[in-house]
Structures are given as structure tokens and as C-alpha cells.
Amino acid sequence: MTTHAAYDCDVLVVGAGIVGLASAYALTRTAPGARVMVLGKGQNPAGRAAGPWPDGAGRAGSPSGGAARSGSAAGGTGPGGRADRSDGAVRGDGAVRGDGAVRGDGAVRGDGAVRGDGAVHGDRAAVWSGGEAVHSGIQHAPGTLRARCTVRGAAELAAFCAEHGIAHTVTGELVVATGSGGLPRLHGLVQRGRAHGLPVRELGPAQIAEHEPRVRAHAAILVGAGGVCDFAAVSDRLAAEFGAAGGRIGYDAEVVAVDRRPWGVAVRTSDGRVVRARTLVNCADGDSGRVAGLTGDDPGVRIVPLREECYELTAPGLVRGLVRQVPDPGSPYPGVRLSQGLDGTVRIGWSVTSAGAEASGRHRPAGRLSRLRAPALSRSGVWRAARPAGRQGVAEAPAASSRQAVARALRRLLPGVAEDDLRPGPSGARTQTAVLRDGTPVDDFLLRDAPHAVHVLNVPVPAVTAALPLGREVARRALLRARATGWSPLAVESGHCV
């Protein structure tokens with residue numbers, strides 16, 4: 001019989017991005033007493049190289065404090081039959097001492113690591129899309145999980161930031177049509193906004209100038225939601241709250257094998273460490289398809305990892321808040337997006353590049369999916385999905401390396417902007433797109449349940465805004481899977497999930 005002590009944790013979350021952290025945070029709040037662990041691949045929430053595993057040796061939650069050895073595959077021995085070693089010094093309170101190690105309160109010591117107050121000290125990579133923009137959710141189809149979580153998440157994010165003293169400003173979102181061709185799409189957004197319960201105002205040129213004096217457009221709508229937020233601080237706080245509730249985070253832990261057994265799963269990382277859990281939550285972002293395959297589940301989609309490149313305006317004060325062109329439903333990419341960050345810098349969201357460009361240090365424009373160099377592109381469905389994006393892709397691709405092209409497009413919104421007013425900005429957040437095998441893009445968050453596993457397969461850009469309610473939905477599903485092993489959480493709240 002598998003006992004509670006035989007498991008290293010009740011729920012193992014693979015992925016330390018904001019969705020993974022929000023899911024782990026929700027698990028500890030929804031089921032107090034649940035043992036939850038997060039494995040991050042290479043980086044901590046601050047975007048820096050991270051320290052060792054929570055227990056200093058690789059076995060989290062082991063009664064002996066040792067590290068598990070595995071045979072040729074993860075989980076070669078089940079709970080109770082594993083081999084342990086004692087080369088990890090774990091204190092009785094679960095804290096590990098040493099440079100960069102995780103303390104029992106979830107705080108990490110070391111350069112650039114999370115401190116006890118949840119703050120991250122050291123250089124922080126600027127990795128948040130649209131200048132730390134909070135999305136209103138107006139562009140998403142009513143009734144979808146993506147729409148519900150984004151609309152609700154924007155409100156919950158404001159409350160979370162107020163509670164924890166995190167910088168957050170509600171500016172509203174101005175969606176503009178620079179020509180008469182965008183008016184039908186703009187009117188469609190008005191109807192969507194009202195279906196979502198969002199406050200929406202229709203503006204003419206004179207009213208646009210009152211809200212954004214430098215912006216020129218044929219018509220616009222003003223959504224009374226959305227703004228800017230320090231999402232890195234949100235991630236840090238989620239990690240700190242999770243740690244304070246008894247959760248543990250291990251970094252530099254790439255999952256290389258998953259063995260699903262009747263009692264749960266055993267996960268082996270690249271350095272040979274093994275973690276045994278009742279349930280696996282796969283929040284591995286662009287790696288989620290691979291992790292699902294390791295688990296033995298067919299994700300049914302191909303994941304294409306992307307990231308965004310942007311420019312910044314050198315002249316301050318040209319934009320007060322968020323300004324976006326009305327999106328083209330025939331393209332998977334939005335038009336020009338302007339956002340004034342918390343530091344006053346105005347960022348211009350523009351082109352999409354392959355995630356592989358980051359590793360090489362090269363910034364390859366990839367306005368078309370067909371230009372991405374990713375394993376997923378070997379499948380014909382992705383190539384078919386790229387075709388609807390062709391027209392805009394051709395227009396956007398040169399812009400990533402041409403300030404002249406960016407300035408020319410920007411002058412439709414901000415007359416008088418010149419090339420010298422632009423400078424390259426930091427790379428945007430990693431995001432992804434998922435396509436079905438028939439080439440149909442997935443236009444929603446995609447969660448799939450499996451025995452002892454929950455896979456989060458598609459989390460496009462608004463996921464940072466939607467993280468809190470999306471994390472609760474993931475937690476709800478994970479707890480159902482964990483209970484199937486005979487485990488009963490101390491308390492399960494109901495009625496608050498999406």
C-alpha cells in the first residue's frame with residue numbers, strides 16, 4: 001500500500017513561470033496542508049540563473065532528507081521501494097543552508113535571488129510583453145476560458161497588487177481604428193466588451209484627443225480596464241506566498257522522463273534526480289507538448305514558442321496609457337501596441353521572433369510562423385496555420401530590424417514621429433501559439449486532463465493577466481486527479497474557480 005510519506009509531494013508543478021506559480025499558489029490556498037513542489041527549468045521568477053534544489057540534494061520532502069536514485073527510467077522503483085542517499089543536509093524544518101539555497105520559509109538567498117520579503121535583488125531581465133501591460137480581455141470571444149480568466153484576472157490582479165504593495169496602475173485601454181476599414185471590427189469589440197461586462201465608451205477624433213492628445217485616429221473605443229503592472233514583482237510575491245505556505249521550488253530542473261504508475265508519477269530531471277507525486281501539473285509553456293509526450297499523453301496540438309520584440313520612444317509623454325490598433329481577425333498577431341510603462345517609458349509592441357533567437361543572441365524577425373525555426377514546424381499543420389498570417393507577416397518581418405518601417409507605421413497613430421525618436425527596446429515575454437494537426441490555431445487557453453496529470457498546453461500573451469483565475473482552475477483539476485489516488489485534502493474550497 002502506498003503511504004502518504006512515500007510521496008515526495010502531493011502535486012508537482014512543472015514550470016516556474018507565472019502560470020505555474022499561480023497554480024502552485026492556488027493549490028496551497030485551496031487545499032491547506034497539501035504538499036506542493038514546483039520545478040523550474042533553468043531560471044527563477046526573476047529571470048536569473050537559479051540555485052540548487054530545495055533540499056540541497058534533489059529529493060524534496062523525503063523523510064530521510066536523502067536524494068533518490070533512479071534506474072534506467074524515472075520511477076524505476078515506486079514509493080517505498082526507492083533507493084536513498086544521505087548527501088543532502090536538510091534541517092528538521094525543511095530549510096537548506098548554503099549559498100543560494102532555499103530556506104524553510106521559501107526565501108532564497110544569493111545574488112539576484114528571492115529574499116524573505118519577496119523582493120528580487122539584482123539585475124532583472126525585462127521580459128514582460130507590451131511594457132508590463134494588463135490586458136482588458138475585450139478582444140477575446142465571450143464564453144471562452146481565455147476571456148473569462150482575462151477579464152476576471154485584470155480585476156483580481158489590481159486587488160492582489162494593492163494587498164501586497166506592488167506597483168499597478170489602471171489606465172484604461174484605447175483601441176483605435178486609423179481608417180474607416182477598421183470601423184466594423186471596432187463596433188464588434190464594443191459588443192464583445194458589453195458581453196464581458198466591461199465599461200466601454202465610443203470616441204470620435206475630438207474625444208480621442210482629450211484622452212490621448214498626441215494620438216490621431218478615425219474612431220476609437222475606451223475600455224475602462226487594463227493598465228500597467230510590475231509582473232515580475234507579482235511573480236516574486238506568488239513565489240514568496242507559496243513558500244510561506246510550505247511550498248518548495250527547485251530550479252535548473254529540466255524534466256527528461258516521466259513514469260506514470262497506478263499510484264501517481266515519478267519525474268526524473270536532467271541531473272538524475274527523481275520526484276514522486278500523486279499528480280503532475282504541466283505548466284512548461286513552450287515545452288508543455290514535450291512534457292505531455294513524456295507522460296505518455298498525446299497533446300493533440302503542436303506548440304510553437306515565440307517571443308516579442310519591441311521599440312521604445314525616446315521622447316517621453318507621447319502616450320499616457322495603453323493604445324492599440326483594432327486587431328485584424330485574419331491575423332494571429334495584433335497591430336501596433338503602445339504602452340507607457342511604470343517608469344514612463346513608452347514601448348511599441350511590434351514583431352514576433354522565434355524563441356530560438358534568444359539563445360543565440362540574434363534577433364531574427366519572424367512575423368510569419370513559417371519563418372520560425374522550431375521542431376513543431378516539421379508538421380504540415382503548422383505550415384497551413386501560417387498561411388492566414390502571411391499578409392501581415394510580410395509587413396511585420398522587416399520592421400524588427402528597420403526603425404524606418406516602424407516609424408512609418410507609427411506615424412498613422414502619432415504624426416511627426418521620426419526614426420530618431422525610436423530605440424530598440426527589450427525583448428518581450430516568451431509566449432506561444434498552439435495549432436491542431438489540421439492547421440487550426442487554438443484561440444483559447446487549452447487545458448487537458450489525463451490520469452495523474454493536468455496539461456496546460458496553450459497559454460498565449462494574456463496569461464500573465466489571467467494567471468490568478470487560470471491558476472485556480474488548474475488547481476481545481478489537479479486536486480481532482482490527486483484525490484483519485486485516495487488522498488483527501490484538508491479543505492477544498494468550491495464555487496470560486498472559473
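The values are calculated or read from the model by the stated rules, or taken from the named source; none is laboratory data. All figures in this text were calculated on a predicted structure; none of them were measured in a lab. All Cβ positions, glycine included, derive from the backbone under ideal geometry; neighbour counts span all protein chains shown. Remember, those area values only see protein heavy atoms, side chains included, never the ligands or the DNA or RNA. Shrake-Rupley method; radii C 1.70, N 1.55, O 1.52, S 1.80 Å.
Take Glu132: with every protein chain present and a 1.4 Å probe, its accessible area is about 40 Å². How far, in nm, would the chain grow between Ala206 and Val256 when pulled straight, counting 0.36 nm per residue and subtracting the alpha carbon separation? Between Ala206 and Val256, full extension yields an extra 12.2 nm. Placing one equal scatterer on every Cα of region 175-287 and applying the Debye formula, the log10 ratio I(q)/I(0) at q = 0.16 Å⁻¹ is -0.83. Calculated over region 165-222, the projected area of the Cα convex hull averaged across directions stands at 4.9 nm². Annotation for Thr144 and Leu342: the two label points, set 7 Å from Cα along the Cα-Cβ direction, are 2.9 nm apart. Here region 154-229 exposes an accessible surface that is 52 percent carbon and sulfur, computed with a 1.4 Å probe and the other protein chains kept in place. Rolling a 1.4 Å probe over the heavy atoms of the protein chains gives region 177-320 an accessible area of 35 Å² per residue. Using a simple spin-label model with pseudo-atoms 7 Å out from Cα toward Cβ, Asp298 and Ala484 lie 1.8 nm apart. Once the Cα-Cα distance is subtracted from the 0.36 nm per residue extended length, the Ser180 to Ala244 segment shows a gain of 17.7 nm. Here is the tail figure for region 195-242: Cα pairs spaced more than 13 Å apart come to 68 percent of all pairs. Each peptide in 341-349, 458-466, 204-212 was scored by the mean count of other Cβ atoms within 10 Å over its residues; highest first, the order is 458-466, 341-349, 204-212.
Across region 198-307, the relative contact order, built from alpha-carbon pairs under 8 Å that are at least six residues apart, equals 14 percent.
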